[in-house]
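In what follows, a single structure is set out as structure tokens and then discussed.
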Amino acid sequence: AKMEERNTFRFYSPLMQADSRRRLRLATELRRALGADEFFMAYQPSVELKTGRIVAVEALLRWRHPERGCVMPGEFIEAAEQMGLIRRIDEWVLQAACAQIERWDRAGVPPIRVAVNLSAHGFSQEGFVDSLQRLIQRHGFDPSRLMIEITERVMLRLGEDTERAMRALHHLGVGVAIDDFGTGYSSMAYLKLPAIEYLKLDRSFVSGLPGNPDDVAIIEALLGIARALGLHTIAEGVEVEAQHQFMLRAGCEEGQGYYYAYPLDAAEIERLLCRDPGH
Ligand code: C2E
Ligand code: CA
Ligand code: CA
Ligand code: CA
């Protein structure tokens, strides 16, 4: 076994070095990107299933890399978390989303909810909610227009700081959505926190609908939890008509996915909202 361990170590070592070099370079590039305005947001509509109206958008981060073109968050968010850069990215994202809400408002675009993804526990750090309040005030919109998406995985570690932050967010009027709901295998104690208003049912279950009986059972159970607790529901990753029909009949309220719309730029969202007859 010792032999094997040694061999394994030697075998992986050069790869690990290459990997950490790659990560260091990524960190340097991310720092530059923050300063050089290389980030931008895409916005994916969330649709009310009963009416087809766009009631919200989710802000999704994009990186316009000078050589590599458009880089998706899956390729850099985790590294940014590990390299201690996620706080600055969170700040950038919130700032960008709030500025966009103000621009849409000034252009007379019908008001919708805008959801923003935050990683890790930045939201529970001292001063976060205060600075968010100032940011919202500066852009002059009602706090209920903004929603924060936090993955269930992050909620797992429910400490006093989280509870305090959730109370403060609730007091401010900013709602929280539990992202990727159903994948965290966590205790459900956090579902009682007052700021939590939405559950986003993870795409991995929606993709199996309507054919996979396990996914059907899981989705129905998750919707049951939401209903019992009075939480709103959004299905992620709806790609085909049959999934849309299933979620509608199962009583889910909103849907997001390629079936309705891809992530779009701000101007395209504006066009969609201004011609949407529901508004
Ligand atoms: P998420 O929060 O689960 O976001 C939904 C992801 O699913 C988006 O990918 C979206 O483009 C994609 N998607 C939407 N509809 C469909 C569909 O019908 N089918 C399929 N296959 N995919 C669909 P994206 O933009 O690449 O984001 C990936 C993840 O990166 C997000 O997952 C989120 O966890 C993270 N992320 C995105 N933007 C931000 C951000 O601003 N800050 C942080 N911290 N994380 C972000
Ligand atoms: Ca999300
Ligand atoms: Ca999600
Ligand atoms: Ca997901």
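Just a few scattered comments:
- Taking amide H as placed 1.01 Å from N in the peptide plane, the amide H of Glu149 sits under 5 Å from that of Val116, Asn117, Leu118, Ala177, each at least 5 places away or on another chain.
- Among the chymotrypsin sites (Phe, Trp or Tyr not before Pro) found in segment 157-236, those both in a DSSP coil and sparsely packed, with 11 or fewer other Cβ atoms within 10 Å of their Cβ, are Tyr185.
- Along segment 43-50 the Karplus relation, 6.51 cos²θ - 1.76 cosθ + 1.60 evaluated at θ = phi - 60°, assigns HN-Hα couplings of 10, 9, x, 10, 10, 6, 5, 5 Hz to successive residues, with x for each Gly and Pro.
- Look at where the Cα atoms of segment 219-265 and of segment 61-105 average out, and the two centres are 26 Å apart.
- One compactness figure for segment 98-173 is 1.17, namely its Cα radius of gyration divided by 2.2 N^0.38 Å.
- Largest-first ellipsoid semi-axes for the chain, taking √(5λ) over the Cα gyration tensor eigenvalues, angstrom: 31, 25, 21
- A simple packing score, the average count of other Cβ atoms within 10 Å per residue, orders the peptides 133-141, 266-274 as 266-274, 133-141, with the highest score first.
Taken together, the values in this text are just the output of simple stated rules run on the coordinates, not laboratory data. Since the structure is predicted, the reported quantities are computational estimates derived from the model, not experimental observations. Note that each Cβ is placed from the backbone with ideal geometry, even for glycine, and that neighbours are counted across all protein chains shown.
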